[in-house]
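Every read-out reported here was derived from the displayed coordinates using simple, explicitly stated rules and does not represent laboratory data. Remember, predicted model here, so these are calculated numbers, not experimental data. Using ideal geometry, Cβ is built from the backbone for each residue, glycine included, and neighbour counts are taken over all protein chains shown.
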Amino acid sequence: QVQLVESGGGLVQAGGSLRLSCAASDRTFSNYGMGWFRQAPGKDREFVAAISWSGRSADYADSVKGRFTVSRDNSKNTMYLQMNSLKPEDTAVYYCAKGGRSATTRNLYDYDSWGQGTQVTVSS
């Protein structure tokens, strides 16, 4: 099973930016769609963004569309989430996940490997 490790979280003021990375342990990463999810205290884990195996197709939650950009570099087995114009409501633990197919999906049950998460805190 592929191992996923997120990095890049931290504390930022509202309006600021952060770039999250998700490093995969092996090259099978390039065959599958990948996703970002987040979970705030007391809330369910929610979809943020997804990207197809090739990187040509991406999908975003309405709450982040126009502010976040998902990308991937299959040569480095790494996926990224560029987060701009951050808001306090973006505060959560962010998780990356590997899908079970090549296309994008918003359904967390379609993902079979998860990272440990990285904390993002946006102060007002």
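Do the conditions hold for F37, that is, is it free of Cβ contacts under 8 Å to residues at least 40 places away in the same chain, in contact with a Leu (Cβ under 7 Å, 6 or more places away or on another chain) and within 22 Å of Q13 (Cα to Cα)? When the stated conditions are applied, F37 does not pass them. Screening segment 78-118 for residues that are loosely packed, with under 13 Cβ neighbours inside 10 Å and closer than 18 Å to S63 by Cα and picking the one that is farthest from the chain's Cα centre (by Cα) gives P88.
Identify, from the list G10, G55, G16, the residue that is more than 10 Å from the chain's Cα centre (by Cα) and free of Cβ contacts under 8 Å to residues at least 40 places away in the same chain.
Values: G10 fails: free of Cβ contacts under 8 Å to residues at least 40 places away in the same chain; G16 fails: free of Cβ contacts under 8 Å to residues at least 40 places away in the same chain.
The conditions single out G55.
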